[in-house]
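Encoded as structure tokens, the structure appears first; notes follow it.
The values are calculated or read from the model by the stated rules, or taken from the named source; none is laboratory data. Only a predicted model underlies this, so the values are computations on that prediction, with no experimental measurement involved. We place every Cβ from the backbone using ideal geometry, glycine too, and count neighbours over all the protein chains shown. Note: areas computed on protein heavy atoms with side chains; ligands, DNA, RNA excluded. Shrake-Rupley method; radii C 1.70, N 1.55, O 1.52, S 1.80 Å.
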Amino acid sequence: MLIFKQLVFGLLLPAIVGGGIFVLASKRAREQLEGRNGLFSGWLVAIALSTSYIVGYIGLEGLPPFPPQEGVHWLCSLAFIGLILGAFWQLSPLGRLIVQGGVSIVAPRLLLNSMFKYSWGQLEGIIWWVCLAGVIFVFWHIVQGSFTLLPSRGWCPFVYFGLSGGTALILAVSGSLRLAQHAGVLVALFAAIWIIALFLPPEDKVQMFPIGTSAVITLALAGIWLNGYFYEEVPAASAILLAMALFLAPVGRIEAIQRLGARRSAFVQVAVIALPVLIAIGIAVARSGLLGESSPY
């Protein structure tokens, strides 16, 4: 019964909710191709992503305590923060930079509160804080850029489906089934959006993920990764490789690859992004001891 509840409320229901809102957002966006009033349709996609994850979170964990007691409890709050930011992402570039910087600084402190309190000294905590804030800030920009760097149509949600799936698998073999289920919510969501994208009209030129959705995706993935590495047994190499995978998205802009044609260049680009994810999975599997003696990564 417990497994059935997790499948329905933690995977199926989030996919239905997110997919349904995404269909509405896509329809609205196609009606606004002139570029006027694009805020509403863009925010609908952010609503689809954040609401889907919040529904999945509640299905897995129930209502989060207030104030949150563990790092995983903040995942729901971060999804809500991403939803709010999506509504105001039409700010000036300077405004976005300020917001990204502020959230990137606050997020590690919220997620890793117990590490700051009980594990790290003052200097060590400051070093970790600065480094993690910088990583989140840079990763946020990579996510934002990936929406235009990745091929059109269903490739963008497919890439995030694969990144979330790799995250879930790594967490599962590392012994954190709880966090793996949270990553599974993202897997179900991106799978639903990917399938929907395959049935969109071929002439549809609407951007799959508007820029306002970058906050939701960044905070969800970063939150799960930080919890997995600092509170669970995710190997450092696997966590780094997962975070670096999207840095390879610009490979699709290389002239030699573009000469292969749209379809082949898309396959090459996605394959290059998938490579570090596959290596990260291999490291986690080796570390888990499933193949014999564990490796010291």
A student applying the Cα gyration tensor rule (rounded when a/c is under 1.5; otherwise prolate if a/b is larger than b/c, oblate if not) would label the chain rounded
With point charges of +1 on the Cβ of Lys and Arg and -1 on the Cβ of Asp and Glu, referenced to the Cα centre of the chain, which listed residue (Leu24, Val277, Trp89) lies farthest in the positive direction of the dipole?
Leu24
Between helix 214-231 and the chain, what is the angle of the helix's C-alpha long axis to the longest principal axis, kept within 0 to 90° and rounded to the nearest 10?
20
As I understand it, the dipole of the chain uses +1 on the Cβ of Lys and Arg and -1 on the Cβ of Asp and Glu, about the Cα centre. Which of Gly102, Ala237, Phe190 lies farthest toward its positive end?
Phe190
Given labels modelled 7 Å from the Cα in the Cβ direction, how far is it in nm from Ile254 to Phe66?
5.0
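Is the C-alpha gyration tensor of the range 42-102 telling us rounded, prolate or oblate? Criteria: a/c under 1.5 is rounded; beyond that, a/b larger than b/c is prolate, otherwise oblate.
Values: a/c = 3.96, a/b = 1.67, b/c = 2.37.
Oblate shape, in that a/c is at least 1.5 and b/c is the bigger or equal ratio.
Quote the charge dipole size of the chain about the Cα centre in Debye, to the nearest 20; the model charges only the Cβ of Lys and Arg (+1) and of Asp and Glu (-1).
580
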Share of carbon and sulfur in the accessible heavy-atom surface of the chain [1.4 Å probe, %]:
70
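Shape of the range 102-224 from its Cα gyration tensor (a ≥ b ≥ c, root eigenvalues): rounded if a/c is under 1.5, otherwise prolate when a/b > b/c, or oblate?
Values: a/c = 3.41, a/b = 1.74, b/c = 1.95.
Oblate, because a/c is 1.5 or more while a/b does not exceed b/c.
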Not counting ligands, DNA or RNA, and with a 1.4 Å probe, what is Cys76's accessible surface area in Å² rounded to the nearest 10?
20
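Per residue, how much accessible area does the range 135-223 have with a 1.4 Å probe, in Å²?
On the way: 2980 Å² over 89 residues.
Value for the range 135-223: 33 Å² per residue.
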